[in-house]
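Let me begin by presenting the structure, written as structure tokens, before commenting on it.
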Amino acid sequence: MDKNAPILLFDSGVGGLSVLAEVRKLVPDARLIYAADLAGLPYGAKSEAQIAARVAGLLGRMSERYRPRLACIACNTASTIALGMVRDVLEIPVVGTVPAIKPAAALSKSGVIGLLGTEATIRQPYVDNLEREFAAGKHLLRFAAPGLVEAAEAKLRGKPVDRAAIDAAVKGLRAMEHGDEIDVVVLACTHFPLLADELSEALGPDVQLIDGAAGIALRIASLTSGQQFGNPEGNLAVTTGAIESLEALAPALASHGISRLERF
Ligand code: DGL
């Protein structure tokens with residue numbers, strides 16, 4: 001394997017940076033390419049067929065261009081819908097991001113777990129299966145919070161966080177049956193850990209937040225262990241959308257170790 005072969009992380013927007021941050025801690029020498037499908041954002045409002053075709057097609061083309069050693073779908077919406085299809089299309093290991101229901105169930109004392117995701121994620125059979133397998137006998141309260149995707153995109157572009165979006169997500173969860181007993185909230189969208197401080201403040205000190213990023217980084221470290229890494233060109237961010245929209249993220253990307261930006 002070429003030691004400069006990158007690890008490709010893919011999301012609709014900035015969300016996957018919450019995963020990339022953990023990957024950098026465990027695999028610091030790897031060359032990383034961060035791909036944001038800003039032309040397709042938001043995925044949460046799209047149909048299953050649209051997401052599957054788009055994600056599989058883009059990852060196929062990106063793999064041809066960048067020759068990654070591994071691809072990570074750093075997006076719960078895309079992973080819960082298209083992980084199997086992408087694995088069929090690519091010849092490299094593909095790591096997905098799925099809601100951290102298993103650790104949340106282990107952590108919850110009240111047996112009431114909140115789950116914040118996109119509209120598309122919360123209706124997935126993949127989530128039904130995780131609930132059946134790991135949260136049987138508990139209450140899993142799912143709430144769609146698309147406003148948080150927009151709020152995270154704005155925050156990383158240096159704009160103020162939309163408090164109404166935070167309040168709507170928290171109030172929505174609390175208003176569900178047993179909502180007042182929630183003691184763990186699964187952040188089932190990679191955008192949401194970017195708002196962890198704001199969400200935590202709104203939910204109060206008795207609620208723990210959990211997401212899958214550290215677990216994904218461990219999986220990537222294990223799949224690449226023993227491999228050689230080189231990164232002479234530096235990390236790169238690419239977008240399917242307007243380059244200006246990616247450029248507005250330059251300071252946030254630089255703080256994640258990415259200084260080269262280009263259009264895909
Ligand atoms: N970051 C994506 C996720 O984890 C979704 C954001 C979107 O709606 O595009 O689900």
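Every number in this text was worked out from the coordinates using simple rules, so none of it is lab data. None of the values given here were measured: they were computed from a predicted structure. Here the Cβ positions follow ideal geometry from the backbone for every residue, glycine too, while neighbour counts run over all protein chains shown.
By its C-alpha gyration tensor, with a ≥ b ≥ c as the square roots of the eigenvalues, how is region 92-221 shaped: rounded for a/c under 1.5, else prolate for a/b larger than b/c, else oblate?
The shape class here is oblate.
Suppose every K and R has +1 on its Cβ and every D and E has -1 on its Cβ; what is the size of the dipole of region 142-250 about the Cα centre, in Debye to the nearest 20?
260 debye
Within straight cross-link reach of LYS3, meaning Cα distance under 20 Å, which lysines are found once same-chain residues fewer than 8 apart are removed?
LYS25
Straight-line reach from LYS159: which lysines have a Cα under 25 Å away, not including same-chain ones fewer than 8 places off?
LYS171
Indicate the gyration tensor shape class of region 209-264 (rounded, prolate or oblate), computed on the Cα atoms with a ≥ b ≥ c the square roots of the eigenvalues: a/c under 1.5 is rounded; otherwise a/b larger than b/c is prolate and the rest oblate.
Oblate shape, in that a/c is at least 1.5 and b/c is the bigger or equal ratio.
Whole-Hz Karplus ³J(HN,Hα) for region 250-255, in order, using 6.51 cos²θ - 1.76 cosθ + 1.60 and θ = phi - 60°, x for Gly and Pro?
3, x, 5, 5, 4, 5
If you split all Cα-Cα distances of the chain into 5 Å bins from zero, what percentages do you get per bin, shortest first?
Pairs per bin, as whole percents: 1, 6, 14, 18, 20, 17, 12, 8, 4, 1, 0.
Quick one: dipole size for region 10-122, taken about the Cα centre, charges +1 on Lys/Arg Cβ and -1 on Asp/Glu Cβ, in debye to the nearest 20.
240 debye
Normalised by the residues of region 92-145, what does the relative contact order come to in percent, with Cα pairs under 8 Å and at least six apart?
So the answer I get is 46 percent.
Work out how much length ALA254 to ASP128 would gain on full extension: take 0.36 nm times their residue separation and subtract the Cα-Cα distance, in nm to one decimal.
Taking 0.36 nm per residue and subtracting the Cα distance, the gain is 41.6 nm.
Read phi for every residue in region 58-64 and hand back ³J(HN,Hα) as whole Hz from Karplus 6.51 cos²θ - 1.76 cosθ + 1.60, θ = phi - 60°, with x for Gly and Pro.
Values per residue, Gly and Pro as x: 5, 5, x, 5, 5, 5, 5 Hz.
Of all the stretches in the chain, which is the longest one without any exposed loop site, taking GluC sites (Glu not before Pro) in a DSSP loop (any state but H, G, I, E, B) with at most 16 other Cβ atoms within 10 Å?
Between exposed loop sites, the widest span is 1-90.
Treating only the Cβ of Lys, Arg, Asp and Glu as charged (+1, +1, -1, -1), what charge dipole size does region 52-200 show about its Cα centre? Round to the nearest 20 debye.
Result for region 52-200 is approximately 480 debye, rounded to the nearest 20.
In nm, what is the difference between 0.36 nm times the number of residues separating LYS159 and ALA106 and their Cα-Cα distance?
15.5 nm
With unit charges on the beta carbons (Lys and Arg positive, Asp and Glu negative) and the dipole taken about the Cα centre of region 53-154, which residue among CYS75, ALA104, PHE143 sits farthest to the positive side?
ALA104
Give the lysines reachable from LYS102 as a straight Cα distance under 16 Å; neighbours fewer than 8 places away on the same chain don't count.
LYS138
Could you give the length gained on full extension between ASP2 and SER222, defined as 0.36 nm per residue of separation minus the Cα-Cα distance, in nm?
77.4 nm
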